[in-house]
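One structure is given below, encoded as structure tokens.
The values are calculated or read from the model by the stated rules, or taken from the named source; none is laboratory data. This structure is a prediction, so every number in the text was calculated from the model and none was measured. Don't worry about glycine lacking a Cβ; one is built from the backbone with ideal geometry, like all the others, and counts go over all protein chains shown. Areas reflect the complete protein model, heavy atoms only, side chains present, ligands, DNA and RNA absent. Shrake-Rupley method; radii C 1.70, N 1.55, O 1.52, S 1.80 Å.
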Amino acid sequence: MITSQPRIVGLGDVEPNRRRGGDLRALLTPATVGSTSGFMGVAIVQPGDRIAEHYHPYSEEFVYVVCGRLEVDLDGEPHPLRPEQGLMIPAHVRHRFRNVGDTEARIVFHLGPLAPTPPLGHVDTEGTDAVADGAPPADLSQVRS
């Protein structure tokens, strides 16, 4: 639903995307609220789980850690991420998130600007167990990044 009015979208209003690891929920997107400059969501990562390495050729990604202990690889270099820390990932920088703690981790992410078309917004550089087990690659047609 595209709207020019403010709209509240809850975590339970959006289907989880687990194709790249973790539980990714794109909450505020062109498809859900009619956004035109970027999109925002939440990633929920269980202990020992990860979000597979990828990059965004058109967008910067802004991340805020709400809870949990994470490690992020930026172009192959590991960095710790803790609650109440933010991270800006420039376009083209490969990144992967791992929950290295013993409790659930949650991050809020925002990407902008949007790519010219949804399939151009996200480039996977490694597979996940779900993809290796035969699941189709994620359908990004509903989220522009």
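Some points to look at:
- Cβ-Cβ distance of residue 67 and residue 117, R₀ of 25 Å, FRET efficiency by 1/(1 + (r/R0)^6): the value works out to about 0.15.
- Length-normalised contact order for region 1-102 - Cα pairs under 8 Å, 6+ apart - percent: 25 percent
- Net charge of the neighbourhood of residue 88, taken over other residues with C-beta under 9 Å away and scored Lys/Arg +1, Asp/Glu -1, is -2.
- Per residue, the accessible area of region 16-96 comes to 45 Å², computed with a 1.4 Å probe over protein heavy atoms only.
- Protection proxy ranking of 65-71, 32-38, 21-27, by the mean of other Cβ atoms within 10 Å over each peptide's residues and highest first, is 21-27, 65-71, 32-38.
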